[in-house]
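The values are calculated or read from the model by the stated rules, or taken from the named source; none is laboratory data. If you're wondering where the values come from, they're calculated on a predicted model, not measured in any experiment. All Cβ positions, glycine included, derive from the backbone under ideal geometry; neighbour counts span all protein chains shown.
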Amino acid sequence: MQTFLIIIHTIVSVLLVAVILMQASQGGGLSGTFGSSATSALLGGRGAGTFLSKLTTYLAVIFLGLAVVISLISLPSSVEPDSILKQEAENQSIIPGADLSLPTSVPIDDGSVE
C-alpha cells in the first residue's frame, strides 16, 4: 500500500511541476511551447489561465494530502522506550544496605614531580 501511494505521489509531483511550468508568467512560461493558440481557441483567452490555476490547486491539495497519508502510514507500529540507559536503569535493582565497602588502600601523593 505504501509503495503504491509513493508511486502516485511521484506522478502527482511530476504533473504539478509540469502544470506550474506551463502557466504563463511575466516571462511567458512554457505555455507557448505547448501551442498557446490551440489552448486559447479551445478554452478561450482567459480560460487557459484559470484552468491551469485550478489544476495547480487540485494537484497541490492532492500532493499535500498524499504526503500526510504516507507519513501516517509509515509511523512505527510500536513505541520503544526512550533510551537504552533508561531501560538498564529500570532493570537494575538497588538493594539498601548492600556491601558498599571503601577501598582499603589510598594512594599517597607526596607532592614530588617525577
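Per-structure values
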read-out: Inter-residue pairs, beta-carbon under 8 Å, first β-branched (Val, Ile, Thr) and in the stretch 3-18, second assigned to a helix (DSSP H, G or I), 6+ apart; value: 6/70; 8/66; 12/59; 12/62; 12/63; 12/66
read-out: Scope the stretch 1-39; condition at pLDDT below 90 and surrounded by 15 or more Cβ atoms within 10 Å (Cβ to Cβ); matching residues; value: 22, 23, 24, 29, 30, 31, 36, 39
read-out: Qualifying residue in the stretch 46-55 (condition: hydrophobic (A, V, I, L, M, F, W, C), surrounded by 14 or more Cβ atoms within 10 Å (Cβ to Cβ) and modelled with pLDDT of 90 or more); value: yes
